């Protein structure tokens, strides 16, 4: 009898945690992955989980300070192999 593909249950799917650290004067942090907003957070920890997908990816964060100025992290490029 041929086996049918059964997706892995959610608890077995691989994920990566994206985490941004910053000074205490941040009022909003936005995490980006591949040019799309992954999460906008107004309280630490500034983190989100992303389910791995094969391919090349780029992640970064931006922050809005209490005085209204903006900061941006370095962009991190990484590859997930199938």
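Figures for the structure shown
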item: Correct choice for P(r) over Cα pairs in 5 Å bins from 0, in percent that was computed from the model, options (1) 3, 13, 22, 19, 15, 10, 7, 5, 3, 2, 1, 1, 0, 0; (2) 3, 13, 19, 20, 21, 13, 6, 3, 1, 0; (3) 3, 16, 30, 29, 16, 5, 1, 0; result: (1)
item: Length-normalised contact order for the chain - Cα pairs under 8 Å, 6+ apart - percent; result: 28 percent
item: Packing-based ranking, highest mean first, of 54-67, 13-26 given that Cβ atoms within 10 Å are counted; result: 54-67, 13-26
item: Residue order, fewest to most surrounding Cβ atoms within 10 angstrom, among 71, 29; result: 71, 29
item: Length gained when the stretch residue 23-residue 42 is fully extended (0.36 nm per residue, less Cα-Cα span); result: 5.5 nm
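Read-outs throughout are calculated quantities, based only on the coordinates presented, and are distinct from any laboratory measurement. What you see is a predicted model, and the numbers here were worked out from it, not measured in a lab. Here Cβ is always computed from backbone atoms with ideal geometry, including for glycine, and neighbour counts include all displayed protein chains.
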